[in-house]
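Shown next, in structure tokens, is the structure this report addresses.
The values are calculated or read from the model by the stated rules, or taken from the named source; none is laboratory data. Values in this document were obtained by computation on a predicted structure and should not be read as measured data. Cβ coordinates were reconstructed from backbone atoms using ideal geometry, including for glycine residues, and neighbour counts include every protein chain displayed. Surface areas here come from the heavy atoms of the whole protein model, side chains and all, with no ligands, DNA or RNA. Shrake-Rupley method; radii C 1.70, N 1.55, O 1.52, S 1.80 Å.
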Amino acid sequence: MAVLNVLEYPNPALREAASEVIEFGNELKKLVADMWETMYLSKGVGLAAPQVGRALRLFVADWEGNRRVIINPMIIEAEGAERVDEGCLSFPGIYEEVTRPTKIRIVYRDENGERHDETAEGYLARIFSHETDHLNGRLLIDNLSALKRAFIRKKMSKKSRER
Ligand code: NI
């Protein structure tokens, strides 16, 4: 396994729409293993492939013992709305309240290509929603007010220039 480099905003790769995973072979399994290692090392609860520079519709998530590899997801139902603080490994140190559904139904495949149809609630639903956004090039910052967005953009751009 290897630890991958997590891309930070405003890296343009985070804005790309990811492609469907077609091959469920060893290469995919290696990427998933590397993503787990990277996510745990970063102390994250979710990590999407575009965040490690791979434009694939794939994410991993681990929340309170619910450990998932989610590939080619489709959120087919969503209900409720709740504002809760959330962070993102591509925005280190930033936590902002974001409104998300409280319950979602998601259809996806796992790393073996097996199909799942799952209903998730609470923070797990939030993670699934946040990570699915990544696959569409949508980021935490897009869910915030214009003022907060401008503030974070400035802060992250300054940080990226300093590196
Ligand atoms: Ni994120």
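Structural remarks
- Among the residues making up segment 7-29, those that are over 22 Å from residue 108 (Cβ atoms) and in contact with a Ser or Thr (Cβ under 9 Å, 6 or more places away or on another chain) are 7, 8, 9, 10, 11.
- Cβ-Cβ contacts under 6 Å between residues 6 or more apart (or on different chains), taken from a first residue in segment 75-95 that is at positive phi to a second residue that is in a strand (DSSP E or B), are listed as 80/103.
- For the condition open to solvent by 50 Å² or more (accessible area, probe 1.4 Å) and more than 11 Å from the ligand (Cβ to nearest atom), residue 153 qualifies.
- Within segment 17-30, being under 18 Å from residue 136 (Cβ atoms), at pLDDT 95 or above and open to solvent by less than 100 Å² (accessible area, probe 1.4 Å) holds for 18, 19, 21.
- Residues in segment 34-70 that are touching a Ser or Thr at 6+ places or on another chain (Cβ under 9 Å), closer than 17 Å to residue 88 by Cβ, open to solvent by 10 Å² or more (accessible area, probe 1.4 Å) and of a type in the set (A, V, I, L, M, F, W, C): 52 only.
- Of all residues in segment 59-72, none satisfies being away from the ligand (no atom under 15 Å from the Cβ), hydrophobic (A, V, I, L, M, F, W, C), free of Cβ contacts under 8 Å to residues at least 40 places away in the same chain and not in a loop (DSSP other than H, G, I, E, B).
- Test: residue in segment 138-150 that is open to solvent by 30 Å² or more (accessible area, probe 1.4 Å), over 25 Å from residue 37 (Cα atoms) and within 18 Å of the chain's Cα centre (by Cα): yes
- Number of positions in segment 104-119 that are among the hydroxyl-bearing types (Ser, Thr, Tyr) and surrounded by 15 or more Cβ atoms within 10 Å (Cβ to Cβ): 1
- Residue among 117, 85, 142, 133 that alone is within 14 Å of the ligand (Cβ to nearest atom), of a type in the set (Asp, Glu) and not in a helix (DSSP H, G or I): 85
- Residue selected from segment 88-103 under the condition outside any loop (DSSP other than H, G, I, E, B) and open to solvent by 40 Å² or more (accessible area, probe 1.4 Å), by the criterion farthest from the ligand (Cβ to nearest atom): 103
- For residue 84, the stated conditions hold: it is over 11 Å from the mean Cα position of the chain (by Cα) and modelled with pLDDT of 95 or more.
- Segment 103-119 residues that are farther than 20 Å from residue 23 by Cα, paired with ones that are open to solvent by less than 70 Å² (accessible area, probe 1.4 Å) and polar (S, T, N, Q) (beta carbon under 7 Å, 6 or more apart): 104/129
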